[in-house]
Amino acid sequence: MRILDFIILKVCRSIPDKLWIQFMYLKHMQRLCNFRNPKTFNDKIQWLKLYDQRSEHTAMVDKYLVKEYIKEKIGEQYVIPVIACWDRVEDIDFEKLPNQFVLKTTHDCGGLVICPDKSQLDYQQSLEKIRKAMDINYYLRYREWPYKNVVPRIIAEEYIVDEAGTELKDYKIFCSRGEPFMVELDFDRFRGHKRNLYTTDWQLMDLSFNFPAHPEIEFARPSNLDEMLRFAQILSQDEPFVRIDFYSASGKTYVGEITFFPASGYEKFVPAQYDRYFGDKIVLPPKTINGVQQSNRRMKTR
């Protein structure tokens with residue numbers, strides 16, 4: 001780790017979570033977060049970082065452990081198989097990996113190496129990318145509490161593609177307490193990331209956030225959308241808010257990961273009124289800090 005990174009890390013550790021979140025919120029959103037009486041989607045996501053600190057969330061954001069959670073809830077056949085798991089970058093053995101695979105770290109969202117052909121893979125560049133990802137403290141960077149106790153590891157997953165044959169489209173379903181309310185479709189992620197938003201009955205919404213929408217690009221309703229929505233209901237049953245991410249490959253459904261804080265709560269909605277519109281769908285739970293419930297009174301923030 002570079003000296004500057006080490007100094008920044010030490011400084012970050014000394015700043016209380018609420019103060020750091022407020023500082024970052026002002027930086028990204030150009031306004032203060034309303035923790036006392038949150039109304040918007042983004043304000044409620046920040047509130048959940050501080051006050052919905054349930055221990056089970058740690059396994060749900062760990063990209064390795066979450067596979068066991070998904071197996072228990074809906075079945076092993078909906079999990080992308082793991083080829084290998086390592087604690088250190090130095091332990092990665094490319095010789096034992098198949099020709100196609102995906103490498104990712106278990107504790108962040110940037111450590112990703114996609115290998116469609118091992119003969120074309122730049123091994124040194126791949127190792128350096130994973131090494132940098134392993135050094136990232138995702139909790140300190142965004143104060144997303146579930147990541148505080150995730151053990152950084154590297155996993156190799158089976159390589160899968162959808163009907164395009166070159167990449168996977170992401171179907172990300174926004175849910176509150178077992179009720180899906182929006183489907184985010186991400187595509188061309190490595191060639192100018194695009195994002196269209198749909199209702200749960202696959203009506204294109206006049207809405208964008210963080211990446212441009214392309215309404216002129218039409219996508220048919222996925223044949224397995226009902227299955228995705230059903231699984232999203234099951235996996236989100238006890239959560240005030242969660243996003244369940246899916247892939248569809250050859251008509252088969254896979255759960256990619258579970259996300260509690262999309263864009264870490266810095267979603268810039270266009271039009272802006274959707275921030276409040278989606279915020280109204282989230283009813284906040286009693287405060288739970290470090291696994292201890294603080295009050296039996298449910299906040300009414302609608």
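The values are calculated or read from the model by the stated rules, or taken from the named source; none is laboratory data. Computed from a predicted model, the values in this text were never measured in an experiment. For neighbour counting, all protein chains shown are included, and Cβ atoms are generated from backbone atoms with ideal geometry for every residue, glycine included.
Identify, from the list TYR78, TYR69, TYR64, TYR51, the residue that is within 13 Å of GLU144 (Cα to Cα), in contact with a strand residue (DSSP E or B) (Cβ under 9 Å, 6 or more places away or on another chain) and aromatic (Phe, Trp, Tyr). Walk me through how you get there before you give the answer.
Values: TYR78 fails: within 13 Å of GLU144 (Cα to Cα); TYR69 fails: within 13 Å of GLU144 (Cα to Cα); TYR64 fails: within 13 Å of GLU144 (Cα to Cα).
Sole residue among the options that is within 13 Å of GLU144 (Cα to Cα), in contact with a strand residue (DSSP E or B) (Cβ under 9 Å, 6 or more places away or on another chain) and aromatic (Phe, Trp, Tyr): TYR51.
In the set PRO180, PRO146, PRO222, PRO240, which member is out of contact with any strand residue (DSSP E or B) (no Cβ under 8 Å at 6 or more places or on another chain) and either more than 30 Å from LEU26 (Cβ to Cβ) or at pLDDT 95 or above (or both)? Quick ask: steps written out before the conclusion?
Numbers: PRO180 fails: out of contact with any strand residue (DSSP E or B) (no Cβ under 8 Å at 6 or more places or on another chain); PRO222 fails: out of contact with any strand residue (DSSP E or B) (no Cβ under 8 Å at 6 or more places or on another chain); PRO240 fails: out of contact with any strand residue (DSSP E or B) (no Cβ under 8 Å at 6 or more places or on another chain).
When all the criteria are applied, what remains is PRO146.
How many residues are charged (D, E, K, R) and more than 17 Å from the chain's Cα centre (by Cα) when one looks only at region 229-260?
3
Any idea which of (1) farther than 30 Å from PHE269 by Cβ; (2) surrounded by 15 or more Cβ atoms within 10 Å (Cβ to Cβ); (3) in contact (Cβ under 8 Å) with a residue 24 or more places away in the chain is the one LYS67 doesn't satisfy?
With respect to (1) farther than 30 Å from PHE269 by Cβ; (2) surrounded by 15 or more Cβ atoms within 10 Å (Cβ to Cβ); (3) in contact (Cβ under 8 Å) with a residue 24 or more places away in the chain, LYS67 is out only on (3).
For residues that are assigned to a loop (DSSP other than H, G, I, E, B) and hydroxyl-bearing (Ser, Thr, Tyr), scanning just region 243-275, find the one that is modelled with the lowest pLDDT. Explain how you work it out, then say what you get.
Within region 243-275, the subset assigned to a loop (DSSP other than H, G, I, E, B) is 250-251, 260-261, 266-268, 271-273.
Subset that is hydroxyl-bearing (Ser, Thr, Tyr): 250, 266.
Details: SER250: 82, TYR266: 96.
If we take residues in region 243-275 being assigned to a loop (DSSP other than H, G, I, E, B) and hydroxyl-bearing (Ser, Thr, Tyr), then SER250 is modelled with the lowest pLDDT.
Which residue out of PHE260, PHE241, PHE246, PHE278 is of a type in the set (A, V, I, L, M, F, W, C) and touching a Gly at 6+ places or on another chain (Cβ under 8 Å)? Can you show your working first?
Details: PHE260 fails: touching a Gly at 6+ places or on another chain (Cβ under 8 Å); PHE241 fails: touching a Gly at 6+ places or on another chain (Cβ under 8 Å); PHE278 fails: touching a Gly at 6+ places or on another chain (Cβ under 8 Å).
Residue meeting the stated conditions: PHE246.
Please verify whether region 145-166 includes one or more residues that are over 30 Å from PRO16 (Cα atoms) and among the polar types (S, T, N, Q). Please lay out each step first, then the result.
First pass over region 145-166, keeping only residues over 30 Å from PRO16 (Cα atoms): 155-166.
Filter once more, keeping what is among the polar types (S, T, N, Q): 166.
Checked against the condition, which is being over 30 Å from PRO16 (Cα atoms) and among the polar types (S, T, N, Q), region 145-166 yields at least one hit.
Could you tell me which residue of region 255-266 is farthest from ARG141 (Cα to Cα), considering only residues that are surrounded by 19 or more Cβ atoms within 10 Å (Cβ to Cβ) and of a type outside the set (S, T, N, Q)?
Top of the filtered list is VAL255.
I need the full set of residues from region 21-50 which are crowded, with 18+ Cβ neighbours inside 10 Å and over 19 Å from the mean Cα position of the chain (by Cα), in order please.
Passing the criteria: MET29, CYS33, PRO38, THR40.
Kindly check whether there is at least one residue in region 151-173 that is touching a His at 6+ places or on another chain (Cβ under 7 Å) and not in a strand (DSSP E or B).
Checking region 151-173: at least one residue is touching a His at 6+ places or on another chain (Cβ under 7 Å) and not in a strand (DSSP E or B).
Could you please let me know if ASN149 is of a type in the set (S, T, N, Q) and in contact with a helix residue (DSSP H, G or I) (Cβ under 9 Å, 6 or more places away or on another chain)?
Values: of a type in the set (S, T, N, Q): yes; in contact with a helix residue (DSSP H, G or I) (Cβ under 9 Å, 6 or more places away or on another chain): yes.
Yes.
Tell me which of these VAL89 doesn't satisfy, since it passes every other one: (1) in contact (Cβ under 8 Å) with a residue 40 or more places away in the chain; (2) over 22 Å from ARG131 (Cβ atoms).
Of (1) in contact (Cβ under 8 Å) with a residue 40 or more places away in the chain; (2) over 22 Å from ARG131 (Cβ atoms), only one is false for VAL89: (2).
If a residue counts only when it is among the small types (Gly, Ala, Ser), which helices (runs of 4 or more DSSP H) contained entirely in region 5-100 have at least 1 such residues?
Numbers: elements: 17-29, 41-51, 56-61, 66-73.
Hits in region 5-100: 56-61.
Quick one: would you say ARG54 is of a type in the set (Lys, Arg) and over 18 Å from ARG243 (Cβ atoms)? Step through it out loud before you land on a result.
On the way: of a type in the set (Lys, Arg): yes; over 18 Å from ARG243 (Cβ atoms): no.
When the stated conditions are applied, ARG54 does not pass them.
Determine the pairs where a residue that is over 15 Å from LEU65 (Cα atoms), located within region 101-115, has a partner that is assigned to a strand (DSSP E or B) and polar (S, T, N, Q) with Cβ atoms under 6 Å apart, the partner being 6 or more residues away or on another chain.
Matching pairs, first to second residue: GLY111/THR105.
Going by the conditions given, is LEU168 of a type in the set (A, V, I, L, M, F, W, C), in contact (Cβ under 8 Å) with a residue 40 or more places away in the chain and at negative phi? Show your work before the answer.
Working: of a type in the set (A, V, I, L, M, F, W, C): yes; in contact (Cβ under 8 Å) with a residue 40 or more places away in the chain: yes; at negative phi: yes.
So LEU168 fits the description; yes.
Take region 134-174 and flag every residue that is in contact with a Cys (Cβ under 9 Å, 6 or more places away or on another chain) and farther than 24 Å from GLU56 by Cβ.
ALA156, TYR159 - these are the residues of region 134-174 that are in contact with a Cys (Cβ under 9 Å, 6 or more places away or on another chain) and farther than 24 Å from GLU56 by Cβ.
Quickly run through region 129-149 and pick out the residues that are surrounded by fewer than 21 Cβ atoms within 10 Å (Cβ to Cβ), assigned to a loop (DSSP other than H, G, I, E, B) and touching a residue at least 60 places away in the same chain (Cβ under 8 Å).
Matches in region 129-149: ASN137 only.
Considering each of ASN196, ASN224 in turn, give the residue that is buried (at least 20 other Cβ atoms within 10 Å of the Cβ) and within 25 Å of VAL161 (Cα to Cα). Quick ask: steps written out before the conclusion?
Details: ASN224 fails: buried (at least 20 other Cβ atoms within 10 Å of the Cβ).
Checking each option against the conditions leaves just ASN196.
Examine region 52-75 for a residue that is modelled with pLDDT of 95 or more, on the phi > 0 side of the Ramachandran plot and of a type in the set (S, T, N, Q), and state whether such a residue exists.
No, every residue in region 52-75 fails to be modelled with pLDDT of 95 or more, on the phi > 0 side of the Ramachandran plot and of a type in the set (S, T, N, Q).
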